[in-house]
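Q: One structure coming up, written as structure tokens, with questions to follow.
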Amino acid sequence: VGLVESGGGLVQPGGSLRLSCTAPGVPFTINAMGWYRQAPGKERELIARVTSRGAPDYADSVKGRFTISRDNAKKSVTLQMDNLKPEDTAVYYCNRSPPYATWGQGTPVTVSS
């Protein structure tokens, strides 16, 4: 499905990052899309989801700090992350929600002073 994530990096606590994902092989307009993350030693978890019509939903851990959006014409999904915390350190992935079996490489985010 060709999922490609980008935009990760090293940021200090309280900082911001904007992650982007392109999904050229996904039937985009009929699928909800999500951002997932996997922290070291933990299972991958869904943290933000946006329906095909653009309605967002968030895990409690990121609610009020992260914003998910989508561009159906570009088959892209964006995650704006503000007020980042050290516990947000993880590899971030996008995928359909529920996810396909195939995942992209992800983009690493490290929040540290």
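The values are calculated or read from the model by the stated rules, or taken from the named source; none is laboratory data. For clarity, every value in this text was computed on a predicted model and none was experimentally measured. Positions of Cβ are generated from backbone atoms using ideal geometry, with glycine treated the same way; all protein chains shown enter the neighbour counts. The area values use the complete protein model at the heavy-atom level, side chains included, leaving out ligands, DNA and RNA. Shrake-Rupley method; radii C 1.70, N 1.55, O 1.52, S 1.80 Å.
Q: Could you provide, to the nearest whole Å², the per residue accessible area of the stretch 20-92 with probe 1.4 Å?
A: Heavy-atom accessible area per residue stands at 51 Å².
Q: Please compute the modelled spin-label separation between V4 and T67, points set 7 Å along Cα→Cβ, answer in nm with one decimal.
A: Placing both labels 7 Å beyond Cα along the Cβ direction yields 2.6 nm.
Q: Another one. Give the carbon-plus-sulfur fraction of the accessible surface of the chain in %, rounded to a whole number; probe 1.4 Å, heavy atoms of protein chains only.
A: Here carbon and sulfur together make up 49 percent of the probe-accessible area.
Q: So, counting K/R as plus one and D/E as minus one, what does the shell of residues with Cβ under 14 Å around G9 add up to?
A: Neighbourhood net charge equals -1.
Q: Which of these, V50, V77, V11, has the largest mean-square fluctuation under a Gaussian network model of the chain (Cα springs below 10 Å)?
A: In this elastic network of the chain, the residue with the biggest mean-square fluctuation among V50, V77, V11 is V11.
Q: Give me Rg/Rg_expected for the chain, where Rg uses Cα atoms only and Rg_expected = 2.2 N^0.38 Å with N residues.
A: Ratio of Cα Rg to 2.2 N^0.38 Å: 0.98.
Q: Obtain the nm distance between the two label points defined at Y100 and K85 by a simple spin-label model: each point lies 7 Å from its Cα along the Cα-to-C-beta direction.
A: 3.3
Q: Just tell me the longest site-free run in the chain, where the sites are trypsin sites (Lys or Arg not before Pro) in a DSSP loop having at most 13 other beta-carbon atoms within 10 Å.
A: Maximal segment without exposed cleavage sites: 1-41.
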